[in-house]
Amino acid sequence: MTALDFSLILLATSILAGLLGSLSGLGGGVVIVPVLTVIFHVDIHYAIGASLVSVIATSSGAAAAYVREGFSNIRIGMFLEIATTLGALLGAWLTTRVPTHSIGFIFGIVLLYSAYASIKKRQDEHTQQQPDPLALRLKLQGNFPSGPTTHQDYVAQRVPAGFGLMTLAGTLSGLLGIGSGAVKVVAMDQAMRLPFKVSTTTSNFMIGVTAAASAGLYLHSGYIAPALAFPVMLGVLLGSLIGSRILVRAQVRTLRLIFALVIVALGIEMIINSVRGVL
Amino acid sequence: MNPPASGQWTDQRIEIWVGIMLRTGVTLAAAIVLFGGILYLAHASGPRPDYQHFHAEPAQFIQLGAILDGVGTLDPESIIMLGLLVLIATPIARVIMCIVGFLFERDHLYTAISTIVLAILLYSLFFHQ
């Protein structure tokens, strides 16, 4: 295969991965890393390097659209970014220490969990507990538009649990070159009992900053190969932009189910390859 | 998206400016990467590069000075790296904007929190063992 063919095939595949990541709500990184390693036999270090830059691109591109709706909360996001960036430093450092097959194995597990999280029926279980005093002191509260003229107020609960989960989300992001939006949403939605729409939009907002914290070490360690990153970054960005347009119009329940199966297959393949040591 | 009208600084206003900045940053980065990518494909000959075995990328694509030197000679891969650096700088610029916004809001707690996040980001970029 020539360099030209390889780049064009990568571009087309990355557009599909970005589309898939956007429609399933999993993000492009979770899809592109297994595709690069399992199908294109790219070493996982190069794969997570290319993925990380595409994650920064899609997060920044999408955040610009979200801020207008008034759901994302910059204070909650900024406070929790202390946890995710510290976690990302740890995760990126681990990539230089942990053997390749362990990274692949952990990635496979995260894929299986992500597939489950993407199809699980979500219900708001926001019990009216006393707000965490820490949350009040840190101003982890806000309101969002619940109708044309009405607003609904919320205050975070269980801040330490949320902070801990965010550190884990950051570590996974740095270790696997993904946005780990699924874990971030769990931290805010489940642990801190924030409204779902606030959790998802704030999570997306945080992904770029989290990924930027790993980027320095990735760059320094030589994981970011320009000729590989260019079709992947442009493709995933384009695919996810197309996906977000479709999302507004389409009923995606069935699509999600099909995508979840694809993700499960990739996850199992990654685990098997890791155990056999061929990743 | 229009810039907010002048008046009191609010979180919403910070967010709108941040949104404009993020869109500008990612568009600029994508344009540079696309330009470098087209140059790369125009010069590409021979078989696909081997990514199957990991050898760290050469210093030419790691050190800022070396990357800029490459951009000066229109080296395609250096131009791609420049675009990626702009991309990585975008979220960092976002945190700096938030620091400024919180300063205008006279919110000392969040000025401090944002500064901690910025310090972690700068540490990750510039300090390595």
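For region A:28-127, the spread of Cα positions along the three principal axes, ordered from largest to smallest, is 42, 29, 26 Å.
Between beta-carbons, use under 11 Å as the cut-off and find the net charge around A:Pro226, counting Lys and Arg +1, Asp and Glu -1. Value of the local net charge: -3. The GNM of chain B, with springs linking C-alpha atoms under 10 angstrom apart, assigns the highest mean-square fluctuation among B:Thr73, B:Thr115, B:Thr90 to B:Thr73. With the alpha-carbon atoms of region B:1-115 aligned to their principal axes, the span from lowest to highest coordinate is 59, 29, 27 Å, starting with the largest.
Whole-percent P(r), chain A, all Cα pairs, 5 Å bins from 0: 1, 6, 13, 17, 19, 17, 12, 7, 4, 2, 1, 0, 0.
No lab work stands behind these numbers, since they all come straight from the coordinates. All values derive from a computational prediction rather than experimental measurement. Note: ideal-geometry Cβ built from the backbone for every residue, glycine included; neighbour counts use all protein chains shown.
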